[in-house]
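Participant: Structure incoming, see below.
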Amino acid sequence: MPPATGIVISGLGMVSSLGFDVVTSCAAQRAGLTWRHPLAQVVAYDEAELEAPVTGAPIEGYTNGFIQSGTWVRMAVTALEDLVDYGQLPGREDARFWQTTGVAWVLPPLLFERFFWPDPEVPALLEAYCADLLARLTQLPLQMIPGGFITGGPHGVATAVQRAEALFTRSSMERVLILGTDSWLDRPSINLLIREGRLKTSERPVGLCPSESAACVLVERALNAGQRGARAESRILAAVVQDAPDAPSEEDAPVRSRSQLAPEWGRKLSMTVQRTLEAAGVREPFRGDLLLDLNGEEWKARVWGHAQQLLHEQVDFVESRLVLPAIAFGDVGAASGVASLCVATRSYVRGYASSHRTLICSVSDEGGTGALLTERTAQRPSRAP
């Protein structure tokens, strides 16, 4: 895609296990804080059939009693309220503002084995129990953009940026709210992780820490942001995405594990990064913060390792700094890409980014890859404590 040089981020919102707003969450992440504890009535089993407690990072006392879409909407309301406050946005009385603001919602793949939603009913369920419910609870006239539900996982944030840019060029929509929500902490999701052997436990040092989060960013054209006096804190230079391949049928090919697919996915991620840098017109090797969604799983580390070997001419790994938000937040699934945009933007605002540019890379569980290149705007950063 051509570089999205005219798109800026003019608002942030977030709720995580480390805070109920984006400022607190990102400050805690930067300070290296974590919140982990054993999940009640959840155990995994090692090869010797011994019980192993599972440690997670829930938003304690907040999402208890909610599952799946209920959890997503519960967190989304708080993140959206934070965005309105952070971005100093008008309330529902400004009908024109919200009528020209669309929503793109990044969600996990709605696999039947995790969610048990009948496939033919998924569009209607998303509309009723996500879009309509969020609008009623916030009392804002929110409307989804065409193709606004992006059920691809973490890399869906790049898809959302692409769709927002396309919308700006062909409609009267002035802004798009990109929202990402996910939770690994409901029983069906935990059971799936246990069956697939993906959890980190006292008996298994390699694996993910299940968590949950909602994060959102407001993107708009720089011209529109300037006209309404918005505080544009970062710019999106380019976004490239390669969706997950269709799963082969049993007749065509045997099902391969994520570890077996790591070399192939690593090549795909490297191409995604290369195309992102090319779209942004970056000719020198990239130097800056690399925000990766590494989460403790071996297959994901292998994907990045293969990509790194292929990117040595495009990325200066010696002069760049790796930032891994999952160390602080745990694995927040589909919300991780949008959360990384929040982390990158706050690093510019507070002045602790290692460079004026940040490269965000995402790999979803089904093999989709996405990359975003962001840049600090001309605003003078405030100093970090």
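Participant: Add -39500 (n - 2.57) for each DSSP H run of 4 or more in the chain, then divide by its residues: what number comes out at 222 nm, to the nearest 500 deg cm²/dmol? Don't skip to the answer; put the middle values down first.
Facilitator: Details: 13 runs with 132 residues, N = 385.
Taking each H run of at least 4 residues, the total per residue is -10000 deg cm²/dmol.
Participant: Give me the dipole magnitude in Debye, nearest 20, for segment 158-302 about the Cα centre, with unit charges on the beta carbon: positive for Lys and Arg, negative for Asp and Glu.
Facilitator: Numbers: 21 positive and 21 negative charges, 98 e Å.
The dipole magnitude comes to about 480 debye.
Participant: Still on this structure: Projected onto the charge dipole of the chain (+1 at Lys/Arg Cβ, -1 at Asp/Glu Cβ, origin at the Cα centre), which of 157, 234, 327 gives the Cα projection farthest towards the positive end?
Facilitator: Positive-most Cα among the choices belongs to 234.
Participant: What is the packing order of peptides 120-126, 22-28, 364-370, 63-69, taking the mean over residues of other C-beta atoms within 10 Å and listing the highest first? Walk me through the intermediate numbers first.
Facilitator: Values: 120-126: 12.4, 22-28: 21.4, 364-370: 24.0, 63-69: 15.9.
Answer by packing, highest mean first, reads 364-370, 22-28, 63-69, 120-126.
Participant: So, one more: With +1 on the Cβ of every Lys and Arg and -1 on the Cβ of every Asp and Glu, and nothing else charged, how large is the dipole of the chain about its Cα centre, in debye rounded to the nearest 20? Walk me through the numbers before you get to the answer.
Facilitator: Details: 35 positive and 44 negative charges, 327 e Å.
That gives the chain a dipole magnitude of about 1560 debye.
Participant: Compute the length gained on full extension between residue 92 and residue 23: take 0.36 nm times their separation in residues and subtract their Cα-Cα distance, giving the result in nm to one decimal. Display every interim value, and only then the final one.
Facilitator: Working: separation 69, 0.36 × 69 = 24.84 nm, distance 2.37 nm.
Stretched out fully, the residue 92 to residue 23 stretch lengthens by 22.5 nm.
Participant: What net charge is computed for the residues neighbouring residue 181, neighbours being all others with C-beta under 12 Å from the C-beta of residue 181, Lys and Arg scored +1, Asp and Glu -1?
Facilitator: Details: positive: 74; negative: 182, 212.
That sum, taken over residues with Cβ under 12 Å, equals -1.
Participant: Now for a different question. If I take all pairs of Cα atoms in the chain, what percentage of them are more than 25 Å from each other? Mind dumping the intermediate values first?
Facilitator: Values: 38641 of 73920 pairs.
Of the Cα pairs, 52 percent sit more than 25 Å apart.
Participant: A further question on this structure: Please give the contour-minus-distance gain from residue 327 to residue 122: 0.36 nm per residue of separation, less the Cα-Cα distance, rounded to one decimal in nm. Before the final figure, lay out each step's value.
Facilitator: Numbers: separation 205, 0.36 × 205 = 73.80 nm, distance 3.25 nm.
Extra length available between residue 327 and residue 122 comes to 70.6 nm.
Participant: About the Cα centre of segment 255-355, how large is the charge dipole given +1 on each Lys and Arg Cβ and -1 on each Asp and Glu Cβ? Please answer in debye to the nearest 20.
Facilitator: Values: 12 positive and 11 negative charges, 32 e Å.
My answer is approximately 160 debye.
Participant: Ok, one more. With an 8 Å Cα cut-off and a minimum separation of 6 or more residues, compute the relative contact order for the chain in percent. Could you put the intermediate results ahead of the total?
Facilitator: Details: 846 pairs, mean separation 96.0, N = 385.
Relative contact order of the chain: 25 percent.
Participant: Taking the Cα atoms of segment 70-121, report the difference between the largest and smallest coordinate on each principal axis, in whole Å and largest first.
Facilitator: Projected onto its principal axes, the Cα set of segment 70-121 covers 41, 20, 14 Å.
Participant: Local charge sum around residue 344 (other residues, Cβ-Cβ under 14 Å, Lys/Arg +1, Asp/Glu -1)? Each step should come with its number before you reach the end.
Facilitator: Working: positive: 30, 235, 321, 346, 350, 357, 376; negative: 233, 289, 293, 375.
So the surrounding residues net to +3.
Participant: Another one. Roughly how many whole Å is it from the C-alpha centroid of segment 72-107 to that of segment 324-341?
Facilitator: If we compute the Cα centre of each part, the gap is 20 Å.
Participant: To continue, here is another question. Around residue 138, with a cut-off of 9 angstrom between Cβ atoms, what is the net charge of the other residues, counting Lys and Arg +1 and Asp and Glu -1?
Facilitator: Net of charged neighbours comes to +1.
Participant: Okay, next question. Within the chain, what percent of beta bridges assigned by DSSP are antiparallel, to the nearest 5? Could you put the intermediate results ahead of the total?
Facilitator: Numbers: 43 of 64 bridges.
In the chain, DSSP labels about 65 percent of beta bridges as antiparallel.
Participant: Which whole DSSP H helices in the chain pass both tests: a Cα extent of 18 Å or more along the axis and a mean Kyte-Doolittle value no lower than -1.0? Show your work: numbers first, answer last.
Facilitator: Details: long enough: 69-86 (25 Å, 0.33); 156-170 (21 Å, 0.29); 258-279 (30 Å, -0.74); 298-310 (19 Å, -0.98); 336-350 (21 Å, 0.58).
Result, helices passing both filters: 69-86, 156-170, 258-279, 298-310, 336-350.
Participant: Follow-up. Using Cα pairs closer than 8 Å and at least 6 residues apart in sequence, work out the relative contact order for segment 28-184, in percent.
Facilitator: Numbers: 174 pairs, mean separation 43.5, N = 157.
In percent, rounded to a whole number, it is 28.
Participant: Can you give me the convex hull volume of the Cα atoms of segment 91-146, divided per residue and expressed in Å³?
Facilitator: On the way: hull volume 4.8 nm³, N = 56.
Here the figure is 85 Å³ per residue.
Participant: While we're on this one: With contacts defined as alpha carbon pairs under 8 Å and 6 or more residues apart, what's the relative contact order of segment 280-354 in percent? Show your work: numbers first, answer last.
Facilitator: Numbers: 59 pairs, mean separation 32.5, N = 75.
Relative contact order, segment 280-354: 43 percent.
Just so you know, all these numbers are worked out from the coordinates, no wet-lab data involved. What you see is a predicted model; the values in this text were computed from it and never measured. Don't worry about glycine lacking a Cβ; one is built from the backbone with ideal geometry, like all the others, and counts go over all protein chains shown.
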